[in-house]
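The values are calculated or read from the model by the stated rules, or taken from the named source; none is laboratory data. The shown structure was predicted, so the numbers you read here are calculated from the model rather than taken from an experiment. Quick reminder, even Gly has a Cβ in these numbers, built from the backbone with ideal geometry, and neighbours come from all protein chains shown. Each accessible area value is taken on the protein alone, full model and side chains, heavy atoms only, with ligands, DNA and RNA left out. Shrake-Rupley method; radii C 1.70, N 1.55, O 1.52, S 1.80 Å.
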Amino acid sequence: MATRSPEQGDGLVLGIESSCDETAAAVVRRGREILSSVVESQIEEHAPFRGVVPEIAGRSHLRAMMPVVDEALARAGVELDELAGIAVTYRPGLIGSLLVGVSTAKALAFARGLPLVGVHHIEAHAYAAAMEHELAFPLLALVVSGGHTALYRASSPIELTKLAETLDDAAGEAFDKVASILGLPYPGGPAISALARSGDARAFDFPRFRPRDGGLGFSFSGLKTAVLYTVRGQDASTPPSAPEAIPRRADLAASFQEAVVDVLVAQTLAAARAEGLATITVTGGVACNARLRERMTAAASEHGLRAVFPSPSYCTDNAAMIAGQGWHLLRAGRVASWDLDAVAS
Ligand code: KG4
Ligand code: ZN
């Protein structure tokens, strides 16, 4: 394995991300200064299926990967030989998609004699908040994305301990599924959030999950089913009507969103209190949600805590968070060997 120092090229790291439906590459200096961040989204290819189709994703990553990497290096004005290392998402995600990023990173690193770093996608989401904000560790990290909903205690940018996670659907997945029930486009989060603006959040009293033992945890499948029954009747057998014909769609969207936000805010504050942590970071695609940002910020400040969110483009999938956390891993000597493998879960 290469013997470059993590300070090589002033700590420049190339990050590569391909775990789901975004092909992304970025160059970040010393874990924080984003010189370039290129994200090629496949949303239009998956939208007709209202979700990510793994075969389409893998093929699309193959097509986009090298142009995206070249673009990230060009925009940063950086040559491969100037890098301190290459960081790549190796887990979790769609196996065929992860493999495209991992094999690209390996080939580039091997050819140029650069150290390779494997990054955990969800932990990198949590790290995203540290790129734009000065954060004091330890802190509480809520990661809410399309595939994951989890709370972590972060004692440093790279040391995370999972405190709780969802028992079933992720928060973003619930947004996507409820959007589909309401006949809204994929991805559902932005569509529901937009429609909710003209709806009444108290119109429908949807269930809010609370763990039975009074501990920490999330569940969103009961909420999703409650929306389904409300729209289609108790046996859900009523054929879906034309989306515009669903009565009170905006009220349904606003009431559903409020229920998700209530659960996220309540569990996060409970965790912060239990762990004695004063800073809360909220990251992942659902952290783009305006109502969540507003409610979490207000609830945190009511309790004398601070809630921090990345800008929306660093909440959703990107490679800057991979390069950023990758630099810290590199500095800690967590260099991967050439047999680094993609891991789906
Ligand atoms: O982090 P991300 O880009 O990909 C994963 O790692 O999953 O998150 C994508 C998810 C999707 O489920 C999408 O519906 C959700 O984030 N999302 C939102 C919003 N923007 C994106 N959910 C709620 N409100 C939003 N404004
Ligand atoms: Zn993600």
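Normalised by the number of residues in the range 136-309, what is the relative contact order in percent for Cα pairs under 8 Å and 6+ residues apart? Write down the numbers at each step before the final one.
Numbers: 328 pairs, mean separation 47.6, N = 174.
Relative contact order of the range 136-309: 27 percent.
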- Item | Among L62, A196, A270 - extreme Cα towards positive end, dipole of the chain, charges at beta-carbon | A270
- Task: Give the shape of the range 230-345 as rounded, prolate or oblate, defined through the alpha-carbon gyration tensor: a ≥ b ≥ c are the square roots of its eigenvalues, a/c under 1.5 means rounded, and otherwise the shape is prolate if a/b is larger than b/c and oblate if not.
- Result: oblate
- Query: What whole-number value in Å² describes the accessible area per residue of the chain for a 1.4 Å probe?
  - Reply: 41 Å²
- Query: Can you give me the Cα centroid spacing of the range 94-113 and the range 150-206 in angstrom?
  - Reply: 31 Å
- Note on the structure: Note: S103 to R202 extended length (0.36 nm per residue) minus current alpha-carbon separation gives 30.7 nm
- Which of the lysines could a cross-linker span from K224 if the Cα-Cα distance has to be under 20 Å and same-chain partners fewer than 8 positions apart are dropped? K177
- Query: Per residue, how much space in cubic angstrom lies within the convex hull of the C-alpha atoms of the chain?
  - Reply: 130 Å³
- Note on the structure: Rounded to a whole %, the carbon-and-sulfur portion of the accessible area of the range 176-292 at a 1.4 Å probe is 52 percent
- Along its principal axes, what span do the Cα atoms of the range 136-309 show, with the longest given first and each in whole Å? 51, 30, 25
- Message: For the chain, what does the relative contact order come out to in percent, with C-alpha contacts under 8 Å and a separation of six or more?
- Response: 25 percent
- Surface share of carbon and sulfur [accessible, 1.4 angstrom probe, percent] for the range 294-345: 51 percent
- Query: To the nearest 10 Å², what's V88's accessible area with a 1.4 Å probe?
  - Reply: 0 Å²
- Could you list which residues have their amide H under 5 Å from that of I158, counting only those 5 or more apart in sequence or on another chain, with H placed in the peptide plane? none
